[in-house]
Amino acid sequence: MPFGAELIVCDHLQGFTSGDLNNSDTATVLARAANRIVSQTGAAVVFTAHTSKANIKAEAVEVGFVTGSLAFENAARQVTGIIRMPESDAKRWGLEATSDQYIKVQMPKNSYGPANQTDFLKKEFAPDFNTVKIVPWQPPTAGTLFVSAEERLSQAILTEIEKKPGMTRNQIEMLAGKQNTLRASKEKVRQAVERPLSEGVLEEVVPSAEQRKALGLSQQVRKILQVADD
């Protein structure tokens, strides 16, 4: 097996056909070529493909999703499609504002098991590489309340402020970092502080003389964060 490969990805279908994608003969020839690669290498062969313009805003991945002749899908052992999270799914889990961060994966054809299986992926920023990574995402189960990562981080910040009254923005940001208490970047911590401030759950106030004395605050501290009274 060349290079010990177990998976060979041909990217993308339109570039490998060099002919009419709507011609079933083109699909037949390509399928034969793929099967020959499989037989000689023992590796799985995957062709990536664009979907048609009509399917760009599709709510589901169905048979006929791939551009061109249906013979391409007929020849394939599996067909997997990737689309943005549909509006209906976003509403179900309260993700309307961030739905563009989620990806729906469906398999309308599967010769090795049940078809129409569905999974989800999520885009997450990777600060170490200054790019976006794609990670698995599991929808919340029925009857549970979905809490976003930002909401969890905001709650963690509120907990820290309640544990140590008189904290400042700078002191909260000092808890940022992968190995630190909040396990999040400084930018995400800043954003997570703004959320409860805008909702009135958190307040940024000028400490009184009594607070300065009780909390041992220096004169350099101009404002502190405190959880708002109910």
Worksheet entry | Scan of the stretch 209-230 for residues that are modelled with pLDDT of 90 or more, closer than 26 Å to Ser154 by Cβ and either part of a loop (DSSP other than H, G, I, E, B) or not aliphatic (A, V, I, L, M) (or both), ordered by number | Gln211, Leu217, Val221, Arg222, Lys223, Gln226
Item to complete: Return the residue satisfying two criteria in turn: it lies in the stretch 46-63 and is modelled with pLDDT under 80 and either touching a helix residue (DSSP H, G or I) at 6+ places or on another chain (Cβ under 7 Å) or aliphatic (A, V, I, L, M) (or both), and of such residues it is nearest to Thr118 (Cα to Cα).
Response: Val63
Item to complete: Would you mind stating whether Glu124 is at pLDDT below 90 and part of a strand (DSSP E or B)?
Response: yes
Practice prompt. Consider only pairs whose beta carbons are under 8 Å apart and that are at least six residues apart or on different chains; among these, list those whose first residue lies in the stretch 201-230 and is assigned by TED's automatic domain parsing to the domain that holds Glu173 and in contact (Cβ under 8 Å) with a residue 24 or more places away in the chain and whose second residue is assigned to a loop (DSSP other than H, G, I, E, B) and among the charged types (D, E, K, R).
Written response: Glu204/Lys223; Pro207/Lys223
Discussion item. Based on this model, can you work out whether Met174 counts as more than 30 Å from Val66 (Cβ to Cβ) and touching a Leu at 6+ places or on another chain (Cβ under 6 Å)?
Written reply: no
Discussion item. Filter the stretch 190-208 down to the residues that are outside any helix (DSSP H, G or I), at pLDDT below 90 and at negative phi and list them by number.
Written reply: Val201
Practice prompt. Pick out the one residue from Ala27, Ala71, Ala33 that is in contact with a Ser or Thr (Cβ under 6 Å, 6 or more places away or on another chain), of a type in the set (A, V, I, L, M, F, W, C) and over 23 Å from Pro114 (Cα atoms).
Written response: Ala27
Worksheet, complete the sentence: The lone condition Gly166 fails out of (1) on the phi < 0 side of the Ramachandran plot; (2) buried (at least 17 other Cβ atoms within 10 Å of the Cβ); (3) modelled with pLDDT of 90 or more is (1)
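The values are calculated or read from the model by the stated rules, or taken from the named source; none is laboratory data. It should be emphasised that the depicted structure is a prediction, and the values quoted were computed from it without experimental measurement. Positions of Cβ are generated from backbone atoms using ideal geometry, with glycine treated the same way; all protein chains shown enter the neighbour counts.
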